[in-house]
Amino acid sequence: MDHEKVNILLVDDQPAKLLAYEVILKDLGENLVIASSGREALEVLLKTEIAVILVDVCMPELDGFELAAMIREHPRFQKTAMIFISAIQVSDIDRLRGYEMGAVDYVPVPVVPEVLRAKIKVFSELYRKTRELERLNQELEDRVRARTAELENSTAKLRESEQRRSMAIAAGKMGSWDWDWITGDWMWDEGQYRIFGVGPEIFEVNPANVQALLHPDDVDQLRKAIAEFNSGTRAYETEFRIVRPDGEVRWCVGTAAATIDASGRVVRVSGVTVDITERKRAEERQNLLAREVDHRAKNALALAQSIVRLTRADGVKAYVNAVEGRINALARVHTILSLSSWQGAELSKLIDEELAPYSLGGQIRLAGPEVQLLPATAQTLALALHELFTNSAKYGALSTRSGRLMIAWHAEDDRLTLTWEESGGPLVRTPKSRGFGTRSLLASVESQLGGRAQFDWRAEGLLCRLEVPLTRKPAATTAPGKVDAAAELQRASG
């Protein structure tokens with residue numbers, strides 16, 4: 001039997017998945033409406049009657065849960081069927097959260113076409129029958145409205161109110177507003193007050209007060225919008241900043257649309273404000289991180305270049321082993337720092353990475369609290385620990401089964417003290433000259449970190465004491481955050 005097609009909204013930020021859903025649902029014979037983001041989906045909902053919403057849980061900026069919450073805030077969409085698609089393992093808690101947000105069902109990935117079609121078909125038919133009942137009710141209401149002029153007038157006012165409310169969803173970080181262009185009256189919803197950091201009980205909405213909350217550099221945006229509406233523009237969108245009464249600066253994006261009368265004159269302007277402060281801050285953090293990673297990468301390359309150029313060995317094999325060991329030490333600390341977004345590294349993690357090859361047999365003991373190191377400090381200490389472990393494995397306590405190594409550290413007055421104590425190994429003699437490893441360790445700890453390294457070549461085993469500041473950043477010689485490691489190692493080799 002022929003029936004009126006209903007609209008099915010498909011929401012996903014990946015075009016390939018949207019295309020797959022279209023292919024699967026094509027045979028249903030319904031209208032498929034595409035939205036590639038949560039914001040675009042909201043715009044579609046304000047303009048189009050939607051029977052079923054198929055939405056991906058994981059999307060940037062506005063995920064499926066947040067979108068569902070915003071949709072459910074609006075009276076028109078409280079009964080709209082929403083089906084979540086999740087490409088990750090969904091826990092019971094996530095399912096409960098989804099149902100609380102208004103989901104009627106979940107579809108896991110990979111999607112089974114027959115199952116998806118069946119679910120969509122059921123909700124489409126339910127929507128169609130519901131609409132048929134609504135149309136019958138509307139006809140009855142129309143008859144009553146025709147007999148009662150007062151009721152007709154009341155209904156017209158409700159429609160006008162609904163039209164204003166449909167301009168925005170007062171939820172989360174969104175707000176809506178309405179400006180009567182003729183009388184100058186303003187109307188803000190709860191979300192708009194929340195974004196601007198004011199309350200209706202103390203804040204009177206008028207052009208002067210609104211302008212006072214705008215960032216001084218963005219006031220011209222308001223003037224420009226008014227001028228464009230006066231010159232015939234029907235829609236306007238811009239980004240701007242506001243300064244809340246408590247001094248906090250927030251980034252917003254505003255969208256406005258004009259309503260005109262029969263003569264083409266603007267009689268009302270309505271709009272939506274979205275708080276995008278977190279997105280702006282994320283962009284700033286991303287840019288800062290990119291610059292920091294660039295500096296760190298250059299510094300790591302400089303260290304690697306110096307290691308290759310300055311390492312000394314009796315043969316090719318020994319040279320390769322020495323270079324590989326030092327570069328691997330750099331790579332390990334780089335991985336730790338990357339996992340923390342270059343915010344720092346725990347000293348215990350650095351030690352664990354270096355002692356991994358020597359931890360069998362219980363020869364090594366560790367004692368110390370959790371200590372957070374700055375990125376540059378972590379890199380330098382990682383190389384220093386590598387040299388100590390390497391020398392111990394070749395000549396010291398870790399070169400024999402009977403050898404023992406105790407590593408202890410503590411932090412006091414923003415200064416880290418690390419003690420390296422070997423015992424039970426071969427008889428130790430004070431070296432006549434220092435090798436590259438020892439010299440680079442001294443140079444890095446003392447020159448780069450402003451610390452101190454002490455060696456006591458006791459007969460029963462090496463005792464080494466390292467002291468480094470925890471809050472002082474290494475001095476920059478070429479760019480902020482970049483240590484001229486090559487110069488330091490060059491001095492160490494001299």
field: Residue that is surrounded by the most Cβ atoms within 10 Å (Cβ to Cβ) [pool: residues in the stretch 245-276 that are of a type in the set (Ser, Thr, Tyr) and part of a strand (DSSP E or B)]
entry: Thr273
task: Please verify whether the stretch 12-29 includes one or more residues that are more than 24 Å from Glu66 (Cα to Cα) and of a type in the set (S, T, N, Q).
output: no
- request: For the stretch 186-214, enumerate the residues that are in a loop (DSSP other than H, G, I, E, B), surrounded by fewer than 15 Cβ atoms within 10 Å (Cβ to Cβ) and in contact (Cβ under 8 Å) with a residue 12 or more places away in the chain.
  value: Pro200, Asn206
- prompt: Going through the stretch 88-131 one residue at a time, which ones are within 21 Å of Ile24 (Cα to Cα), at pLDDT 80 or above and surrounded by fewer than 14 Cβ atoms within 10 Å (Cβ to Cβ)?
  reply: Pro110, Val112, Glu114, Val115, Ala118, Glu125
- prompt: Which members of the stretch 400-425 meet the condition of being without any contact (Cβ under 8 Å) to a residue 40 or more places away in the chain and surrounded by 14 or more Cβ atoms within 10 Å (Cβ to Cβ)?
  reply: Ser423, Gly424, Gly425
- request: Return yes when Val249 is in the same structural domain as Asp185 (by TED's automatic domain parsing), aliphatic (A, V, I, L, M) and under 23 Å from the mean Cα position of the chain (by Cα) and no when it is not.
  value: yes
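The values are calculated or read from the model by the stated rules, or taken from the named source; none is laboratory data. It should be emphasised that the depicted structure is a prediction, and the values quoted were computed from it without experimental measurement. Reconstructed Cβ throughout: ideal geometry from the backbone, glycine too, with neighbour counts over all protein chains shown.
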